[in-house]
Amino acid sequence: MESIIVFLPLILVMGAFLFFANRRQRKSLDATIELHDSLAIGDRVHTTSGLQGTIAAVTDDTVDLEIAPGVVTRWMKLAVRDKIVDEAEDTDDTAEEASRDVESTGVELTKE
């Protein structure tokens with residue numbers, strides 16, 4: 001009976017570890033599935049091997065990537081790691097935030 005009491009905390013710690021590890025893995029898997037479901041023609045993407053390309057066609061299991069003008073290669077969707085976000089969109093957001101800051105404070109920050 002005492003041996004069960006000694007191992008009970010160990011079993012609880014291991015159970016908690018497995019629960020949280022499984023939860024994190026499930027969130028990662030859900031994010032990957034969401035990314036693959038959201039792929040559309042014209043999106044710029046990175047592959048797991050580091051290649052960058054523009055999606056030319058999408059099927060259930062594959063994507064065709066244009067890696068250079070006129071050069072299209074077929075990849076499994078699982079090879080797509082993430083979408084490339086244009087820096088122009090980020091710059092526009094930053095500029096809008098800066099203009100709002102100037103309006104609210106009346107002070108404009110400049111680089112010299």
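Only the coordinates and a few stated rules stand behind these numbers; no lab work does. For clarity, every value in this text was computed on a predicted model and none was experimentally measured. Note that each Cβ is placed from the backbone with ideal geometry, even for glycine, and that neighbours are counted across all protein chains shown.
Taking the average, over residues, of other Cβ atoms within 10 Å as the packing measure, peptides 12-23, 59-70 rank 59-70, 12-23 from highest down. Summarising the label geometry, the points placed 7 Å from Cα in the beta-carbon direction at T59 and E87 lie 3.6 nm from one another.
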